[in-house]
Amino acid sequence: MTKKQENLLLFIWTTALTATLGSLYFSEIKGYVPCTLCWYQRIFMYPIVLIALIALIQKNASAALTTAAFALIGGGISLYHYGIQKLTFLQDSAPVCKGASCTGQYVNYFGFITIPFMAFIAFTFIFAASLVMLKQTKE
């Protein structure tokens, strides 16, 4: 594993850990109840922390394919979730949630930054770094 691949894995791990701690902060400290789509996003973000950490310890660049897959699926869910929050024509397709509504916005920084938006950005960074790692592995 090259130093660049190791740095990319560290970036992936740090991004996933930050997103995980952020989601736990919002739910456990701020008391925001996660909706169904938030849980699905967590299902795809949380394992990336472990996958990237184990890959770092083992110096295994091939984990990039797994992190890319998790980030792609999680990012798709985040993008859809953000869409049903911000686009009125998508709100009718929002899943029925127990407890918290998937269209609800606990935070709305600068009029566009919501929790699913932050998750989407994290998934995008992880996916991009994973693709760069995959390219580096093939070279």
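Each reported figure results from applying straightforward, stated rules to the coordinates on display, with no laboratory input. Quantities reported herein were computed from a predicted structural model and do not represent experimental measurements.
At a glance:
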| item | result |
| --- | --- |
| Lysines with Cα under 27 Å of residue 30, excluding same-chain neighbours fewer than 8 positions away | 86, 98 |
| Listed values (i) 0.93; (ii) 1.02; (iii) 0.99, entry calculated as Rg/Rh (Cα atoms, Kirkwood Rh) | (ii) |
| Most fluctuating residue given options 65, 17, 37, as computed from a GNM of the chain linking Cα atoms under 10 Å | 65 |
| Listed residues 46, 106, 80, most fluctuating in the chain (Gaussian network, C-alpha, under 10 Å) | 106 |
| Spatial separation of Cα centroids for segment 20-65 and segment 66-94, in angstrom | 16 Å |
| Straight-distance crosslink candidates among lysines, where the alpha carbon sits under 22 Å from residue 3 and sequence neighbours closer than 8 are dropped | 59, 135, 138 |
| Choice from 48, 113, 126 with maximal GNM fluctuation in the chain (Cα, 10 Å cutoff) | 113 |
